[in-house]
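Notes follow the structure.
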Amino acid sequence: MEAKAANGPNSERSYGVIDGPTNPMVTPLLTDLYQFTMCYAYWKAGKHNERAVFDLFFRKNPFGGEYTIFAGLEECIKFIANFKFTEEEISFIRATLPPTCEDGFYNYLRGVDCSDVEVYAISEGSVVFPKVPLMRVEGPIAVAQLLETPFVNLINYASLVATNAARHRLVAGKSKMLLEFGLRRAQGPDGGIGASKYCYIGGFDATSNVAAGRLFGIPLRGTHSHAFVSSFMSPDEIIDKSLQSCDGSRTCEDFVSLVQAWLNKIQWSRSFRGIFGETNQSELAAFTSYALAFPNNFLALVDTYDVMKSGIPNFCAVALALIDLGYKAVGIRLDSGDLAYLSCEARKFFCTIENEFGVSDFGKMSITASNDLNEETLDALNKQGHEVDAFGIGTYLVTCYAQAALGCVFKLVEINNQPRIKLSEDVSKVSIPCKKRCYRLFGREGYPLVDIMTGENEPPPKVAERILCRHPFSESKRAYVVPQHVEELLKCYWSGSSGKAREELPPLKNIKERCMKQLEQMRPDHMRRLNPTPYKQVSVSAKLYDFIHFLWLNEAPVGELQ
């Protein structure tokens with residue numbers, strides 16, 4: 001999408017141009033119809049410029065866990081920085097709304113931008129919890145209402161899939177490489193691009209998605225499929241058999257014969273004699289051809305025919321031939337079968353090759369596993385014992401198979417400096433009113449203890465000073481906390497034309513680093529996959545607690561018995 005100048009007279013001078021959203025379909029029309037009907041009704045009533053405050057938050061952590069990763073903020077800021085209706089869009093809105101809507105409303109839309117909007121948000125990549133605002137949007141109520149649906153859309157999936165990725169990272173462990181292979185199974189192009197970006201934030205190392213690599217600078221990984229292996233019939237198909245050595249000092253005129261010679265050596269060696277017979281020659285041809293094309297990046301898919309009787313021996317023959325010419329093969333990929341058993345057997349084979357032929361580090365050859373992996377299979381592999389170095393994960397990761405949506409909501413909490421509350425018979429759906437400040441309180445061991453919300457004008461919590469933290473709706477749930485460190489969560493990321501200082505949008509790599517650092521800060525029992533200890537998720541100050549219940553009683557209708 002072509003970049004436009006950021007809204008507001010001070011925006012470009014202070015911060016430079018902010019590009020438009022990654023997906024060009026993210027326009028002011030990417031919203032629900034009722035946002036426009038409300039916008040017209042506000043305008044008709046003369047309320048459209050009244051100053052409103054909305055909180056964007058979610059009510060429950062996904063996947064049965066006790067934490068969520070906040071993602072999608074950058075796309076929201078890109079959206080409002082370029083928020084402007086085109087004439088074509090206004091014409092469509094005019095044709096959609098009832099003909100009784102006045103022309104003045106469409107003139108009003110022509111002038112709408114986000115120069116009077118301010119956005120305060122938790123930093124992208126942060127660990128977050130239910131009820132605490134991820135974003136606070138302040139501005140004219142009609143404009144803020146038009147931002148609701150796109151903001152919720154941009155945050156919902158991004159945070160869900162980043163959380164899913166983080167959960168996979170925690171199960172796999174820090175030492176394993178995680179590769180996102182989900183493009184072909186994702187919900188359309190936008191789902192595929194978004195998954196690659198937000199899985200990277202959540203802890204994945206690379207993606208197979210070339211478009212995402214170009215757009216976001218995410219490392220790319222990928223070699224070949226079963227189709228490439230089965231497309232060959234025999235080594236006779238290989239026409240150009242020559243391969244120059246890695247240092248360029250000599251040329252092997254018949255690399256195919258060199259590979260065959262190594263295969264014979266392996267077959268008749270003391271360690272492997274009688275272990276396997278004739279390997280699949282078409283597979284050997286495919287591996288040889290791929291090595292000729294990519295001698296520095298040779299990684300072979302070894303399960304097209306038989307892993308241990310053909311794939312591994314053929315790979316080793318090609319890898320040893322490459323070593324003769326100064327190259328180093330990368331490793332293998334397993335895409336089917338008993339991954340724990342096969343990875344262990346493959347590792348034994350590589351170690352035996354190292355010992356038999358005196359090839360240093362051959363036993364450390366990389367083993368990648370794929371094949372419909374998810375959290376449960378990673379956990380099962382850990383329990384069984386395996387030798388996998390990298391996991392390629394797709395379907396269950398990018399589709400968030402275990403949970404369809406995060407359930408973000410966007411609620412009005414203040415208008416014209418008057419706090420507003422949404423009531424419900426379901427207490428979990430009662431909103432927390434007024435413009436708030438949010439803090440994370442840390443204990444002696446460096447772990448976060450609780451997130452607390454206070455009124456905007458309350459003094460912030462102080463280090464080493466005791467503060468009463470209360471559950472917003474349960475009178476008996478309360479605790480004193482003496483924080484050793486206090487972190488304010490909401491920062492200004494969009495100041496419009498107000499002239500206020502705002503945070504710069506960090507590079508994607510920095511967002512990922514923040515996510516990894518935040519996950520390391522959490523207490524391990526909050527992060528475990530099964531039966532995690534609940535985080536003291538939502539607390540309010542004593543003053544805000546009293547105000548919530550005063551407003552609740554004020555707004556709730558009083559019944560009458562007859």
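Things worth noting here:
- A simple spin-label model places pseudo-atoms 7 Å from Cα toward Cβ; at ASP306 and GLU520 they are separated by 4.7 nm.
- Along principal axes, Cα extents of the chain, largest first, whole Å: 94, 56, 51
- Karplus-derived 3J(HN,Hα), 6.51/-1.76/1.60, for each residue of the stretch 117-127, Hz, glycine and proline x: 9, 10, 10, 10, 8, 6, 4, 4, x, 7, 6
- Evaluated with a Cβ-only charge set (Lys, Arg +1; Asp, Glu -1), the stretch 172-249 carries a dipole of roughly 440 debye about its Cα centre, given to the nearest 20.
- Placing unit charges on the Cβ atoms only, positive for Lys and Arg and negative for Asp and Glu, gives the stretch 418-519 a dipole magnitude near 120 debye about its Cα centre.
- Residue ranges 451-460, 304-313, 134-143, 288-297 sort as 134-143, 304-313, 288-297, 451-460 when ordered by packing (mean number of other C-beta atoms within 10 Å per residue, highest first).
- Toward the positive end of the charge dipole of the chain, with +1 on the Cβ of Lys and Arg and -1 on the Cβ of Asp and Glu, the farthest Cα among ILE275, GLY104, CYS438 is that of CYS438.
- Taking 0.36 nm per residue of separation and subtracting the current Cα-Cα distance, fully stretching the chain between GLN484 and GLU425 would add 17.5 nm.
- For the stretch 40-55, 3J(HN,Hα) computed residue by residue from phi via the Karplus equation (6.51, -1.76, 1.60; θ = phi - 60°) reads 5, 5, 4, 5, 4, 8, x, 9, 4, 9, 5, 6, 10, 10, 10, 10 Hz, glycine and proline entered as x.
- Helix 339-357 and the longest principal axis of the C-alpha atoms of the chain enclose an angle of approximately 40°.
- Separation between Cα centres of the stretch 400-429 and the stretch 152-185, rounded to whole Å: 25 Å
- Cross-link pairs exceeding 19 Å between alpha carbons, from the set LYS176/LYS364; LYS44/LYS84; LYS60/LYS517; LYS131/LYS435: LYS44/LYS84; LYS60/LYS517.
- Accessible heavy-atom area order of HIS485, HIS471, HIS48, HIS168, highest first, probe of 1.4 Å: HIS485, HIS471, HIS48, HIS168
- Rounded to the nearest 20 debye, the dipole size of the chain about its Cα centre is 1580 debye, using +1 on the Cβ of Lys and Arg and -1 on the Cβ of Asp and Glu.
- Only beta bridges with both residues in the chain are counted; by DSSP, about 70 percent of them are antiparallel.
- Across the options HIS526, LEU505, SER230, the greatest Cα extent toward the positive end of the charge dipole of the chain (unit charges at beta carbon of Lys, Arg, Asp, Glu) belongs to HIS526.
- Positive-end residue, the stretch 311-462 charge dipole about Cα centroid, Cβ charges, pick of THR368, LEU334, CYS400: CYS400
- Whether the stretch 503-554 is rounded, prolate or oblate, judged on the alpha carbon gyration tensor where a/c under 1.5 counts as rounded: oblate
- Against the chain, whose longest principal axis is taken from its Cα atoms, helix 375-384 shows a tilt of about 40°.
- Mean ellipticity per residue at 222 nm, deg cm²/dmol - from DSSP H runs of n ≥ 4 across the chain, formula -39500 (n - 2.57): -11000 deg cm²/dmol
The values are calculated or read from the model by the stated rules, or taken from the named source; none is laboratory data. Values in this document were obtained by computation on a predicted structure and should not be read as measured data. Quick reminder, even Gly has a Cβ in these numbers, built from the backbone with ideal geometry, and neighbours come from all protein chains shown. All accessible areas refer to the heavy atoms of the entire protein, side chains included, with ligands and DNA or RNA removed. Shrake-Rupley method; radii C 1.70, N 1.55, O 1.52, S 1.80 Å.
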